[in-house]
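The values are calculated or read from the model by the stated rules, or taken from the named source; none is laboratory data. Values in this document were obtained by computation on a predicted structure and should not be read as measured data. As a convention, Cβ positions derive from the backbone with ideal geometry for all residues, glycine included, and neighbour counts pool all protein chains shown. Accessible surface areas use protein heavy atoms only, side chains included; no ligands, DNA or RNA. Shrake-Rupley method; radii C 1.70, N 1.55, O 1.52, S 1.80 Å.
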Amino acid sequence: MRIEAAITSAMLRVILGLVMIEHGLMKLIGFPASAPGVPSPLPTLLLVGALLETVLGAFLTIGLFTRVAAFVLSGEMAVAYFMVHAPASFWPAVNGGELAAVLSFALLAIAGRGPDRYTLDAFRTRER
């Protein structure tokens, strides 16, 4: 059985969006668990990051403003990597930044590819 490329692209986009929502909610409300090492109340920069992850993660999940949401989230993950993880070590396996690095590049790939056919973006452009 062959799976269509648009379906696998949609699956990747949805999973990335849900992971970003989860990361944001962990920082904002401690759901499904509190993010380790996150102070309460959140400093401004961390609060902005958590809001970006939650809101743009939802946009990515449903495919609304897909390119912009993925690009901004990719940049946010790159900033998180270089601010939090990279000072500890050059190597992602040592500094604990593998997830941030992989998320950053996967989101950048989604931003570069653009919306698949199973997005609200595709639906909006079909209506015109």
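Data table
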{"quantity": "Listed values (1) 14.0, 41; (2) 15.5, 50; (3) 14.6, 45, entry calculated as Rg and Dmax of the Cα atoms in Å", "calculated": "(2)"}
{"quantity": "Local electrostatic count, residue 16, Cβ distance below 13 Å [Lys/Arg +1, Asp/Glu -1]", "calculated": "-2"}
{"quantity": "Relative contact order of the chain, defined on C-alpha pairs under 8 angstrom at six or more residues apart (%)", "calculated": "27 percent"}
{"quantity": "Under Karplus coefficients 6.51, -1.76 and 1.60, residue-wise ³J(HN,Hα) of the stretch 119-124 in Hz, glycine/proline x", "calculated": "10, 5, 4, 5, 5, 4"}
{"quantity": "Accessible-area composition of the stretch 1-105, carbon plus sulfur, in percent [1.4 Å probe]", "calculated": "77 percent"}
{"quantity": "Relative packing of peptides 2-8, 111-117 - highest average C-beta neighbours within 10 Å first", "calculated": "111-117, 2-8"}
{"quantity": "For the stretch 79-91, Karplus couplings with θ = phi - 60° (6.51, -1.76, 1.60), whole Hz, Gly/Pro x", "calculated": "4, 4, 4, 6, 7, 9, 8, 4, x, 6, 5, 5, 8"}
{"quantity": "Per-residue HN-Hα couplings for the stretch 33-47 [Karplus 6.51, -1.76, 1.60; θ = phi - 60°; Hz; x = Gly/Pro]", "calculated": "8, 6, 6, x, x, 8, x, 10, x, 5, x, 3, 4, 5, 5"}
{"quantity": "Heavy-atom surface of the chain, accessible at 1.4 Å and reported per residue (Å²)", "calculated": "61 Å²"}
